[in-house]
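Chemist: Handing you a structure now.
Quick note: the coordinates plus some simple rules give every number you see, no bench work behind them. Predicted, not measured: the structure shown is a model, and the values here were computed from it. Note that each Cβ is placed from the backbone with ideal geometry, even for glycine, and that neighbours are counted across all protein chains shown.
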C-alpha cells in the first residue's frame with residue numbers, strides 16, 4: 001500500500017470514528033478526542049491539545065483544524081476565534097482560518113497549503129463553548145493566502161463522497177445551511193444547560209447525553225424564538241417531549257404542573273415520580289429569580305391549569321400579543 005492510499009484509508013477511519021462520537025455526544029471535549037482512533041492496531045491522534053492545525057506523523061496530509069472558543073476574559077489569539085460564528089450565521093460560503101504565527105512557510109501553514117493544493121478533506125473542530133467542540137466534516141481548504149496569513153475553509157456536503165470540495169453554489173449553500181443549523185442548536189443547548197448547572201430543570205438529571213435545551217417560544221418563530229438563555233429550559237428528553245406536547249409546564253413560581261391527561265394514566269413508577277414533583281419547585285437558573293425576571297413565557301397545559309403568559313417590560317407588544325393568543329388557543 002502506497003503512502004497516498006494509506007492516508008486515504010486512515011482519513012476515512014478518522015471520519016467514521018468522529019461521526020460515531022458525534023452521534024453519541026452532543027459536543028466533543030478532550031475526553032472524547034484525546035484517545036484518538038485506531039487504525040491497523042495503532043492509535044492515531046485526532047488533535048494536538050496545544051495547536052489548532054494538526055497532522056499526525058502517520059499521515060501524509062493534514063487531518064484536522066480547530067477553532068477554540070475563548071474563555072470569558074481570556075486572551076483571544078486569532079481573529080477567527082472572534083469572527084467564525086458571525087461568518088457562519090451571516091451566511092458566508094467560506095470562513096477565515098488564521099495561520100499559525102507570522103511565517104507562511106512554518107510547518108503548520110505548509111500543511112494548510114498542501115491540503116489546499118490537493119483538495120484534501122479534513123475535520124474542523126469548531127468551538128461552541130470553552131473546551132467544547134462540534135465536529136464539522138468534511139471540510140476543505142479552498143484558499144491559501146500567504147500575504148493575509150490566512151486560509152479559507154469551505155464546508156463539504158454531509159453524506160456525500162469526500163473526494164473533492166463542492167463545486168456548485170447550491171452545494172456550498174446547502175453545506176453552509178447544515179452547519180449553521182448545527183451551530184445554532186449546539187450553541188443554544190450549551191448555553192442553556194450551562195446556565196442551569198448541567199442538570200435538567202425538573203428532574204435534576206445530570207447526564208449530558210440525556211439533556212436537551214427546550215425552546216419556550218419555538219425556534220420556528222423568527223421574531224420571538226431567539227436561541228438565547230431566557231428562551232430556554234434544560235430538560236431530559238422525556239420531559240422535553242412532554243413539554244413540547246403541553247403535557248407538563250412550569251408556573252412563575254417554578255412549580256411543575258402535570259396535565260390531567262397524564263395524571264389519569266396508571267403507568268407505574270414514572271408517573272408516580274412526576275406526581276411527587278408537582279409541589280416541589282423546579283430549578284431556576286443560578287443567580288436568577290426565575291422565568292419572570294428572565295423575561296420568558298411559561299407555556300400552558302392541556303388542562304388549562306396555567307392561564308398566564310409571563311413577560312418582561314422589554315418585550316414588544318407583538319411578543320405579548322402572540323403569547324396571549326397562544327394561551328387562549330390552548331385545548
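Chemist: So if we plug the beta-carbon distance of residue 244 and residue 184 into 1/(1 + (r/R0)^6) with R0 = 22 Å, what FRET efficiency do we get, rounded to 0.05? Please list the in-between numbers first.
Modeler: Details: r = 18 Å, r/R0 = 0.80.
Efficiency at R0 = 22 Å is approximately 0.80.
Chemist: Given R₀ = 35 Å, FRET efficiency for residue 92-residue 41 by Cβ-Cβ distance, to 0.05?
Modeler: 0.25
Chemist: Fewest to most neighbouring Cβ within 10 Å: what's the order for 59, 1?
Modeler: Least to most surrounded, the residues fall as 1, 59.
Chemist: Rank the residues 17, 25 as a footprinting-exposure proxy: fewest other Cβ atoms within 10 Å of their Cβ go first.
Modeler: 25, 17
Chemist: Past the 29 angstrom mark, what percentage of all C-alpha to C-alpha distances in the range 3-190 do you count?
Modeler: Counting every Cα pair in the range 3-190, those more than 29 Å apart make up 14 percent.
Chemist: Still on this structure: If I model a spin label at residue 237 and residue 19 as a point 7 Å from the Cα along the Cα→Cβ vector, what separation in nanometres do I get?
Modeler: The two pseudo-label positions are separated by 2.0 nm.
Chemist: Expected output is a single nm value to one decimal: the length gained when fully extending between residue 48 and residue 264, i.e. 0.36 nm times separation in residues minus the C-alpha distance. What is it?
Modeler: Contour length minus the Cα-Cα distance gives 72.2 nm.
Chemist: Turning to a different aspect of this structure: What whole-number distance in Å separates the alpha-carbon centres of the range 1-57 and the range 104-130?
Modeler: Measuring centre to centre over Cα atoms gives 14 Å.
Chemist: For residue 204 and residue 221 in the same chain, what is the full-extension length gain: residue separation times 0.36 nm, less their Cα-Cα distance, in nm?
Modeler: Gain on extension, residue 204 to residue 221, equals 3.3 nm.
Chemist: Follow-up question, since we're still on this one. Express in nm, to one decimal, how much length is gained between residue 118 and residue 168 on full extension, taking 0.36 nm for each residue of separation and deducting their alpha carbon distance.
Modeler: The span from residue 118 to residue 168 would gain 16.1 nm if fully extended.
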